[in-house]
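Novice: If you scroll down you'll find the structure; I have some questions about it.
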Amino acid sequence: MDTYAQRLAVSNPLVEPIIRSAIQALHLPPGSQGLDAGCGIGLQALLLAEAVGPAGHVTGLDLSPQFLVHAREITEKAGLSERISYQQGDVSRLPFGDDAFDWAWSANCVGYAPLEPLPLLRELARVVKPGGSVVILVWSSQQLLPGYPLLEARLNATTSGIAPFVGGKRPGLHFLRALGWFREVGLEEPTAQTFVGDAHAPLSDDMRSALMSLLEMRWPGAQSELTPEDRAEFRRLCQPESPDFILDLPDYYAFYTYSMFRGNVAK
Ligand SMILES: C[S@@+](CC[C@H](N)C(=O)[O-])C[C@H]1O[C@@H](n2cnc3c(N)ncnc32)[C@H](O)[C@@H]1O
């Protein structure tokens, strides 16, 4: 697997419980047919397919053919190839007719810069039947460095820390303003809900690897924007070879959130 796909896989133990709770809250109709737009390596398509049961179907769509190769492998291993199909494509020009699905889901894709959210939400709404749901999820916050709130605040204030909200965008384009986007594109009864995941010492091997991967992914390139003192502190705390690696704290505790926005296509 390439590095990014590998990181999605390794960080899955952090993400999966939250995604399961989010999917449960949706009450997707058994036997329904849905779209996972920007499906990556298909980890969520598996959970969506489980939720709609053997009579249902999920189509995973992604721009990256390489991710889809991994997605097909993972789906086959899970024995779900009959219930999930994958298609390469662009969420801004979905290769599906109007009203093709009962619902559409997009996690960490629609709503993230540099993609403009409104045309993408309209496109998701176009392919969902009247009365069906359009759902987007975004990784919305994290507290990973217990005891070091200043360093964590400074990391979050770097360009990579405020990704995916970069480049002087209008405040209304921040993903936590998605309720307004749903209203603007005519999706009805928009709702928002935030789901929390957490991790504490002693960490299982899987959780430790997942958190290591998250520490690497969360603030890429941030070190060049830190003062020399903060950079040294970041390395002391966040590099596994350091004797003070933060994940080795006997009282380590962290949490992180996904926010889910949902609206219905007008009947
Ligand atoms: C951050 S990953 C999220 C993957 C998966 N949904 C998850 O949450 O684990 C974003 C995904 O969106 C895909 N993507 C980005 N722009 C896209 C577009 N215009 N159309 C379809 N997929 C896109 C990327 O290839 C990548 O797989």
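Novice: Filter the range 126-156 down to the residues that are of a type in the set (A, V, I, L, M) and more than 16 Å from the ligand (Cβ to nearest atom) and list them by number. Reasoning before the result, please.
Specialist: Filtering the range 126-156 for residues of a type in the set (A, V, I, L, M) gives 127-128, 134-138, 144-145, 150-151, 153, 155.
VAL128, LEU144, LEU145, LEU150, LEU151, ALA153, LEU155 - these are the residues of the range 126-156 that are of a type in the set (A, V, I, L, M) and more than 16 Å from the ligand (Cβ to nearest atom).
Novice: Which ones in the range 215-257 are farther than 24 Å from ILE18 by Cβ and part of a loop (DSSP other than H, G, I, E, B)?
Specialist: GLY221, LEU226, THR227, GLN239, PRO240, GLU241, SER242, PRO243, ASP244, PHE245, PRO250
Novice: Would you be able to say whether some residue in the range 200-207 is farther than 20 Å from VAL135 by Cβ, open to solvent by less than 50 Å² (accessible area, probe 1.4 Å), part of a loop (DSSP other than H, G, I, E, B) and small (Gly, Ala, Ser)? Working first, answer last.
Specialist: From the range 200-207, those farther than 20 Å from VAL135 by Cβ are 200-207; that's our starting set.
Restricting the remaining residues to those that are open to solvent by less than 50 Å² (accessible area, probe 1.4 Å) gives 201, 203, 207.
Filter once more, keeping what is part of a loop (DSSP other than H, G, I, E, B): 201, 203.
Cutting the leftovers down to small (Gly, Ala, Ser) gives us 201.
Yes: the range 200-207 contains one or more residues that are farther than 20 Å from VAL135 by Cβ, open to solvent by less than 50 Å² (accessible area, probe 1.4 Å), part of a loop (DSSP other than H, G, I, E, B) and small (Gly, Ala, Ser).
Novice: Name the residues in the range 185-199 that are small (Gly, Ala, Ser) and either buried (at least 17 other Cβ atoms within 10 Å of the Cβ) or within 17 Å of GLN142 (Cα to Cα) (or both), would you? Give the derivation first.
Specialist: Of all residues in the range 185-199, those small (Gly, Ala, Ser) come to 186, 192, 197, 199.
If the condition is that a residue be small (Gly, Ala, Ser) and either buried (at least 17 other Cβ atoms within 10 Å of the Cβ) or within 17 Å of GLN142 (Cα to Cα) (or both), then GLY197, ALA199 are the ones that fit.
Novice: OK, next. Take the conditions within 15 Å of the chain's Cα centre (by Cα), within 11 Å of the ligand (Cβ to nearest atom) and not aliphatic (A, V, I, L, M) and apply them to ARG20. Does it pass?
Specialist: No, not satisfied.
Novice: Report, by residue number, each residue of the range 42-74 that is aliphatic (A, V, I, L, M), more than 14 Å from the ligand (Cβ to nearest atom) and open to solvent by 10 Å² or more (accessible area, probe 1.4 Å).
Specialist: Passing the criteria: ALA51, ALA55.
Novice: Would you mind telling me which numbered condition in (1) more than 14 Å from the ligand (Cβ to nearest atom); (2) open to solvent by less than 10 Å² (accessible area, probe 1.4 Å); (3) on the phi > 0 side of the Ramachandran plot GLY31 fails?
Specialist: Here GLY31 meets the rest and fails (2).
Novice: Taking the condition out of contact with any Phe, Trp or Tyr (no Cβ under 6 Å at 6 or more places or on another chain), within 12 Å of the ligand (Cβ to nearest atom) and modelled with pLDDT under 95, does GLU123 pass? Break it down into steps so the answer makes sense when it comes.
Specialist: Working: out of contact with any Phe, Trp or Tyr (no Cβ under 6 Å at 6 or more places or on another chain): yes; within 12 Å of the ligand (Cβ to nearest atom): yes; modelled with pLDDT under 95: no.
Criteria not met by GLU123.
Novice: Output the number of the condition that GLN87 fails; it satisfies all remaining conditions of (1) farther than 14 Å from GLY38 by Cβ; (2) touching a residue at least 24 places away in the same chain (Cβ under 8 Å); (3) polar (S, T, N, Q).
Specialist: Tallying (1) farther than 14 Å from GLY38 by Cβ; (2) touching a residue at least 24 places away in the same chain (Cβ under 8 Å); (3) polar (S, T, N, Q), GLN87 fails exactly one: (1).
Novice: Within the range 213-222, is even one residue out of contact with any strand residue (DSSP E or B) (no Cβ under 7 Å at 6 or more places or on another chain) and modelled with pLDDT of 95 or more?
Specialist: no
Novice: Return a yes/no flag: does the range 80-98 have any residue that is among the basic types (Lys, Arg) and either within 24 Å of ILE18 (Cα to Cα) or touching a Phe, Trp or Tyr at 6+ places or on another chain (Cβ under 6 Å) (or both).
Specialist: Going residue by residue through the range 80-98, those that are among the basic types (Lys, Arg) are 83, 93.
Retained after the next criterion (residues that are either within 24 Å of ILE18 (Cα to Cα) or touching a Phe, Trp or Tyr at 6+ places or on another chain (Cβ under 6 Å) (or both)): 83.
Yes: the range 80-98 contains one or more residues that are among the basic types (Lys, Arg) and either within 24 Å of ILE18 (Cα to Cα) or touching a Phe, Trp or Tyr at 6+ places or on another chain (Cβ under 6 Å) (or both).
Novice: Please find, among ALA25, ALA9, the residue that is away from the ligand (no atom under 14 Å from the Cβ) and either crowded, with 16+ Cβ neighbours inside 10 Å or in a helix (DSSP H, G or I) (or both). Explain how you work it out, then say what you get.
Specialist: Details: ALA9 fails: away from the ligand (no atom under 14 Å from the Cβ).
One residue alone meets the criteria, ALA25.
Novice: With the structure loaded, tell me whether SER81 is farther than 23 Å from THR3 by Cβ, of a type outside the set (A, V, I, L, M) and touching a residue at least 24 places away in the same chain (Cβ under 8 Å) or whether it fails that test.
Specialist: On the way: farther than 23 Å from THR3 by Cβ: yes; of a type outside the set (A, V, I, L, M): yes; touching a residue at least 24 places away in the same chain (Cβ under 8 Å): no.
The answer is no for SER81.
Novice: I would also like to ask the following. In the range 75-116, what residues are within 11 Å of the ligand (Cβ to nearest atom), of a type in the set (D, E, K, R) and closer than 17 Å to LEU187 by Cβ?
Specialist: Listed by number, the list holds a single entry, GLU116.
Novice: Have a look at LEU47, LEU68 and point out the one that is more than 23 Å from ALA22 (Cα to Cα), within 17 Å of the chain's Cα centre (by Cα) and in a helix (DSSP H, G or I). Show your work before the answer.
Specialist: On the way: LEU47 fails: more than 23 Å from ALA22 (Cα to Cα).
Being more than 23 Å from ALA22 (Cα to Cα), within 17 Å of the chain's Cα centre (by Cα) and in a helix (DSSP H, G or I) holds for just one of LEU47, LEU68, which is LEU68.
Novice: From the set of residues in the range 239-267 that are crowded, with 16+ Cβ neighbours inside 10 Å and without any contact (Cβ under 8 Å) to a residue 60 or more places away in the chain, which is nearest to LEU187 (Cα to Cα)?
Specialist: Among them, the one singled out is LEU247.
The values are calculated or read from the model by the stated rules, or taken from the named source; none is laboratory data. None of the values given here were measured: they were computed from a predicted structure. Cβ coordinates were reconstructed from backbone atoms using ideal geometry, including for glycine residues, and neighbour counts include every protein chain displayed. Keep in mind that these areas ignore ligands, DNA and RNA; they rest on the heavy atoms of the full protein, side chains included. Shrake-Rupley method; radii C 1.70, N 1.55, O 1.52, S 1.80 Å.
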